Amino acid sequence: MWLNPSNPQLDKKGQLHHLLTLEGLPAEILWQILDTAKAFVGTKVKKVPLLRGKSVFNVFFEPSTRTRTTFEIAAKRLSADVINLNVTVSSQTKGESLLDTVDNLSAMHADMFVVRHGESGAPHFIARHVAPDIHVINAGDGRHSHPTQGLLDMFTIRHYKKDFSSLRVAIVGDVLHSRVARSQIHAFSTLGCPEIRVIGPKTLLPAQVESLGVHVYHDMRQGLKDVDVVTMLRLQNERMQGALLPSAQEFYKYYGLTPDKLAAAKPDAIVLHPGPMNRGVEIDSSVADGKQSVILPQVTFGIAIRMAVMSIMAGTK
Amino acid sequence: MKIHIKGGRLIDPASGVDAKKDLYIAAGKLLAIGNAPNGFTANRVIDATGLVVCPGLVDLAARLREPGFEYLATLESEMEAAIAGGVTSLACPPDTDPPLDEPGLVEMLKHRAQSLNQARVYPVGALTQGLKGERLTEMAELVDAGCVAFSHADAPFADSQILYHALQYAATFGFPVWLRPQDSALARHGVAHDGPVATRCGLQGVPVCAETVALSTMLILARETGARVHFARLSSAEGAEMVRKAKRDGLNVTCDIAIHHAHLTEMDIGYFDSNCRLDPPLRSQRDRDALRAALADGTVDAACSDHTPVDDDGKHLPFAEAEPGATGLELLLPLTLKWAEESGTALAAALARVTSQPARVLNIDAGHLTTGHAADICLFDPERHWRVAPESLKSQGRNTPYIGLEVRGKVRYTLVDGQIVYEAK
């Protein structure tokens, strides 16, 4: 059961207990995470003892290299013991239910679960069923949420742009299937960003997306006009042809980020991508490697953000 | 057994009676209303002071899970739930395993149900063999075995031609066909209303057009074939409007909603509450309000429980993986009363939606209180408040979005064929 039924991510004192989504998290908590991460980026010390004696279980029901690795590095830098479980190839294929898997892992005295799952809402489900002293961090669930990615994007933007209250931002591509887009939208809203745009063909935008507080554009040049931040979303291979899109080539022509389309944005606009990139599908190499790209710093900051989240949670027992 | 029901408020929507009147029952039949017949001596007097006395409820969709899903529920558990909810007649859809597509299966189910001596069970036969949407069932044989109508549950038809022929064949004999309007391709992989909540939660949506596209096809085929079509479980404002218009144009169709859709919306999914994983999905507030209005103005003929017992293994899963459905037999009455109170509908008119009107859809002699006819009666305390809790339910399915809700209206006695089959402790 939830510690705090009015907000399942917080404990009774209103502090961060689980990180499941950025929706509904108070701005103070977002700033706390961003500030803590900044301290980790600034330090030269490679290892701090904040999580010494704690066990962090990386429970991945869906394959991932990058996210799992950055969580592992972050936990190790905090001196935690890290156990990686690739559940796709073990118990789930033997028919064990998700609930049984979670119960078993809890019995191994985990302190923190870092969970990735293909179904939206799975981390909520797990958080609802674990013992009250276990923390759950969502490392990506279905199309729903990828909160640490959203936070590292905010960190990156803050690093280059300082103030959110004057930013015009655009998220481009497959918003329908993107947990990154949903996480960014909630974070931008909470941090006071005045104008959030989403750009894509109607087949890749979810129903009534405006209800999330965004402006919809189907023409990329219009959508990018005068923006400060551009986030390009990954287009998964299986979406590139079929009923949602005719071909990767046509998508690139109308929604791929090329230097010429980027010219519509402000001259100092920055370009983000959650990775892994499809060069020549959603983004042109000259933009990905260009001076407006902040894609590699995103990866670096990702470790600091995950350290911040884990250390804040470990401190709120 | 001679029974005298004394001092209650008699509400019989079919005859328009709403007055303080006594009932006299003998040999399973209602003997007299109002004054005692000459020489009547009761074996049992039920003091109905403060209670509403109405026809036993008629539920158009209650899954008993037999045959095939006995691990989820059995006839014993679900029939007990029915009478505890005041339901004396229920129609069960053919989505069993195997589906109700053979006379033997139907006879077995009827026999099993009769031997329990509780509510009356009206099997709805499968329209196609195995509900595969390809070959017609032996409908006339199935009717002889006890089927009252034919449906395709939630299974898709291979193509519209099969549906067309099924309706033509059913119309030949005048058999009613109950159809759930949902285009399976448009609803593919969908688990929630295609609106703001699905967008926010990242759930695959079921658009309203999945209902309206199917409804449009079915309305045209109903007109074309002359089949008597009943639409099961409408979920959208647009769907209700299409049926309203069809009825106005003189088409002989009827429809129902699940009572959940008069109360809940997509917002109730909250933090992925799998008890709100229902089929059809909970839609927007606008849809809910339109369905409530359609139930009030008669566009929607009946409210049903859409009773679907699911076990914990089926619900303790991430939202999209959870089995759809909610238990409902014991909540049909209180949820109907709640709708009546909130919408300002008179009690008698509200009860018509769960008694006389569904009986008319089923074309059975039930849902009314008439001397000389079977005494199927529900007595309930309209002022009794109770909280819905898993342990308060007789059904083996404890899955309901209403856990923790305080509702009003508690069944005190249920009579079938003049026998007291349920008496609240």
Out of curiosity, is residue B:411 within 21 Å of the chain's Cα centre (by Cα) and more than 18 Å from residue B:78 (Cβ to Cβ)? no
All positions within segment A:127-143 that are more than 8 Å from every other protein chain (Cβ to nearest Cβ), out of contact with any strand residue (DSSP E or B) (no Cβ under 6 Å at 6 or more places or on another chain) and small (Gly, Ala, Ser): A:131
With A:194, A:201 as the choices, which residue is more than 11 Å from every other protein chain (Cβ to nearest Cβ), under 12 Å from residue A:255 (Cβ atoms) and surrounded by fewer than 19 Cβ atoms within 10 Å (Cβ to Cβ)? A:201
Collect the residues in segment B:192-206 that are facing another protein chain (nearest Cβ under 8 Å) and not in a loop (DSSP other than H, G, I, E, B), keeping them in residue-number order. B:196, B:198, B:199, B:200, B:201, B:205
In the set B:210, B:227, B:214, B:192, which member is within 12 Å of residue B:179 (Cα to Cα), at pLDDT 95 or above, of a type outside the set (Val, Ile, Thr) and in contact with an Asp or Glu (Cβ under 7 Å, 6 or more places away or on another chain)? B:214
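Being closer than 30 Å to residue B:236 by Cβ, of a type in the set (Gly, Ala, Ser) and part of a loop (DSSP other than H, G, I, E, B), is that true of even one residue in segment B:147-156? Break it down stepwise before answering.
From segment B:147-156, those closer than 30 Å to residue B:236 by Cβ are B:147-156; that's our starting set.
Still in the running and of a type in the set (Gly, Ala, Ser): B:149, B:151, B:153, B:155.
Checking the rest, the ones that are also part of a loop (DSSP other than H, G, I, E, B) come to B:153, B:155.
Checked against the condition, which is being closer than 30 Å to residue B:236 by Cβ, of a type in the set (Gly, Ala, Ser) and part of a loop (DSSP other than H, G, I, E, B), segment B:147-156 yields at least one hit.
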Any residue at all in segment A:159-169 that is within 14 Å of chain B (Cβ to nearest Cβ), in contact with a helix residue (DSSP H, G or I) (Cβ under 8 Å, 6 or more places away or on another chain) and either farther than 26 Å from residue A:313 by Cα or at pLDDT 95 or above (or both)? no
How do the pairs read when you match residues in segment B:321-345 that are outside the structural domain of residue B:292 (by TED's automatic domain parsing) with residues anywhere that are charged (D, E, K, R), using Cβ under 8 Å and keeping only pairs 6 or more apart or on different chains? none
Go through the residues of segment B:297-315 one by one and say whether even a single one is buried (at least 20 other Cβ atoms within 10 Å of the Cβ) and without any contact (Cβ under 8 Å) to a residue 24 or more places away in the chain. no
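Only residues that are charged (D, E, K, R) and more than 22 Å from residue B:80 (Cβ to Cβ): list them for segment B:342-401, please.
Narrowing segment B:342-401 to residues charged (D, E, K, R): B:342, B:353, B:360, B:365, B:376, B:381, B:383-384, B:387, B:391, B:394, B:398.
Selection gives B:342, B:353, B:360, B:365, B:383.
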Do the conditions hold for residue B:371, that is, is it away from chain A (no Cβ under 14 Å) and touching a helix residue (DSSP H, G or I) at 6+ places or on another chain (Cβ under 8 Å)? no
Can you spot a residue in segment A:181-188 that is within 14 Å of chain B (Cβ to nearest Cβ), within 30 Å of residue B:187 (Cβ to Cβ) and of a type in the set (S, T, N, Q)? yes
Is one or more of the residues making up segment B:114-123 part of a helix (DSSP H, G or I), closer than 30 Å to residue B:417 by Cα, among the polar types (S, T, N, Q) and in the same structural domain as residue B:92 (by TED's automatic domain parsing)? yes
Would you confirm, using the coordinates I've provided, whether residue A:189 is at pLDDT 95 or above and crowded, with 24+ Cβ neighbours inside 10 Å? no
Could you list all residues from segment B:55-71 that are buried (at least 24 other Cβ atoms within 10 Å of the Cβ) and either at pLDDT below 90 or farther than 24 Å from residue B:326 by Cβ (or both)? B:55
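Pick from segment B:178-198 the residues that are within 18 Å of residue B:133 (Cβ to Cβ) and charged (D, E, K, R): which of them is surrounded by the fewest Cβ atoms within 10 Å (Cβ to Cβ)?
Only one residue tops the list, namely B:188.
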For segment B:39-52, does any single residue satisfy the condition of being in contact with a Cys (Cβ under 7 Å, 6 or more places away or on another chain) and not acidic (Asp, Glu)? no
How many of the residues in segment B:368-404 are closer than 20 Å to residue B:62 by Cβ, among the aliphatic types (A, V, I, L, M) and not in a loop (DSSP other than H, G, I, E, B)? 2
Answer residue from segment A:263-286, given it is without any contact (Cβ under 8 Å) to a residue 60 or more places away in the chain and buried (at least 23 other Cβ atoms within 10 Å of the Cβ) and is nearest to residue A:159 (Cα to Cα) among those: A:273
Step by step: first the residues of segment B:316-356, then only those that are among the polar types (S, T, N, Q), buried (at least 23 other Cβ atoms within 10 Å of the Cβ) and part of a loop (DSSP other than H, G, I, E, B), then the one that is nearest to the other protein chains (Cβ to nearest Cβ). Which residue is that? B:327
Complete set of residues in segment B:275-287 that are surrounded by fewer than 24 Cβ atoms within 10 Å (Cβ to Cβ) and in a helix (DSSP H, G or I): B:275, B:285, B:286
In segment A:1-38, what count of residues is obtained for those that are more than 14 Å from every other protein chain (Cβ to nearest Cβ), of a type in the set (Asp, Glu) and surrounded by 14 or more Cβ atoms within 10 Å (Cβ to Cβ)? 1
Filter segment A:39-80 for residues that are of a type in the set (D, E, K, R) and surrounded by fewer than 16 Cβ atoms within 10 Å (Cβ to Cβ); the one that is nearest to residue A:142 (Cα to Cα) is A:66
Just checking, which of B:150, B:175, B:157 is crowded, with 23+ Cβ neighbours inside 10 Å and more than 14 Å from every other protein chain (Cβ to nearest Cβ)? B:150
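The values are calculated or read from the model by the stated rules, or taken from the named source; none is laboratory data. Computed from a predicted model, the values in this text were never measured in an experiment. Note that we place each Cβ from the backbone using ideal geometry, even for glycine, and neighbour counts take in every protein chain shown.
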